[in-house]
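Beneath this line is the structure, given in structure tokens, with notes to follow.
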Amino acid sequence: MSASIAAEPAPGRLVYTRDELLDSGRYEAPLVAGGVRCHGGFEADGRYRSPRTIHRAPALRAWQAQLAREGNALIEVPRALMPPQYPSVEQSTLLLEHGVRDPIVRTLTIISIVEGFGALIRDVKVPDLSALVVEPIGGTALAHLAGGLFEAHARDESGFKDEGGHKQMWEAARDLALDKPKIPGDVLMRLMGRNAGRRRTERPFPQLDETLERMLAMMAQVLVVEIFAAGTFDWGYRLLSNPQLSAAPEAAGAIVDHIRTDESPHVEYLRTALSEVRARTLRTVDGRTIAGRRVVDGLLHGILLDTTRNRRSDQRDDVRENLAAAMQVAANPAALLQEFDALETAWTPPRSTGFESEGEVGTASAS
Ligand SMILES: [Fe+2]
Ligand SMILES: [Fe+2]
């Protein structure tokens, strides 16, 4: 045994089976959230380990290391682009202190529903990538999307078999912290209505194979959702772990913390695979090629522009639709509304998304 072997670890393995990427390994103890058996579990030292990561986590590190060795950048979405949560932690605290729980229960329920929508990821069609990408893709995250990465993501979000996923974990955190609150009956309907009202835009890259374009657009969209969810989860953690507001600050806070830990592989596989596309060349349907960078940056730019400009006002409009009615349970609703509004902070999205093509920064056409 020479010391140099230990000092220079072999490059990580780059090819994995579907079973490996879905394998959670053995846990010392399972995770039970609010009486519901959930995914993931605890090591002998008490540390939480996310589900399906014993191979997925080292695989992601190996694919990222390979990207770096090839001199290619890993996509970074600047945190400054993240619109703040509405209502803020301060505004939400004020509401809960006055017994106004409906807006908070709604938001927490929307989070759990959106997590459950993650099941749709397993239905995303993956085209024959080796035919559509000019350069080889063996041993990349991209080559493993259909081979376990999408399925692992779907299971993490919506649960699998008898194990709850993030959907059930958020429900448990909400019910523990707010003592099984009454859930407004129209949360799902309103969420669906809002999404149905979204304008459909034209295909940004009609020269691409349509299945490929859809898959990349979905991945870019989910990446942005996953990254921006960090702000929402931070909001949830601060409220549900606050002993002044929560009936189970430790248990509910721990659940949200585990969810946050589980989100990391989602962000990482999506940005790794998109970065791999960005470093390659794509074939178009008319027999030509287009730089992957143009496609990935173009998709991210469009999604970030839309999200940074609209998400905060969408969220604000949605909350305010019921706010005055919800405040009627307070002793002095008018005074409470005034105090609530006084806590509002302005937010202006940054001018640049960081993914503009040259000469596009801050142009009028972007609005
Ligand atoms: Fe999640
Ligand atoms: Fe996620």
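The values are calculated or read from the model by the stated rules, or taken from the named source; none is laboratory data. Please read all numbers here as calculations on a predicted model, not as lab measurements. Note that each Cβ is placed from the backbone with ideal geometry, even for glycine, and that neighbours are counted across all protein chains shown. These accessible areas exclude ligands, DNA and RNA; they are computed on the full protein's heavy atoms, side chains included. Shrake-Rupley method; radii C 1.70, N 1.55, O 1.52, S 1.80 Å.
Of all residue pairs spaced 6 or more apart or on separate chains, those with beta-carbon atoms under 8 Å, a first member in region 210-239 that is of a type in the set (G, A, S) and a second member that is surrounded by fewer than 18 Cβ atoms within 10 Å (Cβ to Cβ) are A217/P204; A230/R260; G231/P84.
Among the residues of region 245-277, which ones are among the small types (G, A, S) and within 13 Å of ligand 1 (Cβ to nearest atom)?
Step one: of region 245-277, the residues among the small types (G, A, S) are 246-248, 251-254, 264, 273, 275.
Passing the criteria: only S264.
Yes or no, residue by residue, for (1) crowded, with 16+ Cβ neighbours inside 10 Å; (2) outside any helix (DSSP H, G or I):
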position	(1), (2)
G236	yes, no
V256	yes, no
H266	yes, no
L282	yes, yes
D286	no, yes
V295	yes, no
L300	yes, no
S313	no, no
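So which of G185, G148 ends up being over 27 Å from R238 (Cβ atoms), of a type outside the set (S, T, N, Q) and not in a helix (DSSP H, G or I)? From the options G185, G148, the qualifying one is G185. The set of residues in region 40-53 that are open to solvent by 10 Å² or more (accessible area, probe 1.4 Å) and assigned to a strand (DSSP E or B) comprises F42, Y48, R49. Could you tell me whether region 274-294 includes any residue that is modelled with pLDDT of 95 or more and within 16 Å of ligand 2 (Cβ to nearest atom)? Within region 274-294 (the criterion being modelled with pLDDT of 95 or more and within 16 Å of ligand 2 (Cβ to nearest atom)), the answer is yes, since at least one residue qualifies. In the set A229, A324, which member is closer than 21 Å to C38 by Cβ, assigned to a helix (DSSP H, G or I) and open to solvent by 10 Å² or more (accessible area, probe 1.4 Å)? Result of the check over A229, A324: A229.
Restricting region 191-210 to residues that are assigned to a helix (DSSP H, G or I) and open to solvent by 50 Å² or more (accessible area, probe 1.4 Å), which is farthest from P127 (Cα to Cα)? Of everything passing the filter in region 191-210, R194 is farthest from P127 (Cα to Cα).
Against the test of being basic (K, R) and crowded, with 18+ Cβ neighbours inside 10 Å, the options R56, R37, R13 yield a single qualifying residue, R56.
Exactly one condition in (1) of a type in the set (A, V, I, L, M, F, W, C); (2) within 25 Å of K167 (Cα to Cα); (3) within 16 Å of ligand 2 (Cβ to nearest atom) is not met by A254; state its number. Here A254 meets the rest and fails (3). Scanning region 243-254 for residues that are open to solvent by less than 40 Å² (accessible area, probe 1.4 Å) and not in a helix (DSSP H, G or I) turns up L245, S246, A248. Total residues in region 59-83 satisfying the condition of being at pLDDT below 95, surrounded by fewer than 17 Cβ atoms within 10 Å (Cβ to Cβ) and part of a loop (DSSP other than H, G, I, E, B): the figure is 1. Of everything in region 16-34 that is open to solvent by less than 40 Å² (accessible area, probe 1.4 Å) and in a loop (DSSP other than H, G, I, E, B), the residue that is farthest from H166 (Cα to Cα) is Y16. Entry remark, region 155-180: residues being more than 30 Å from N242 (Cα to Cα) and either within 16 Å of ligand 1 (Cβ to nearest atom) or buried (at least 20 other Cβ atoms within 10 Å of the Cβ) (or both) number 1 in total. T232 - would you say it is hydroxyl-bearing (S, T, Y) and either within 16 Å of ligand 2 (Cβ to nearest atom) or touching a strand residue (DSSP E or B) at 6+ places or on another chain (Cβ under 8 Å) (or both)? So T232 passes the test.
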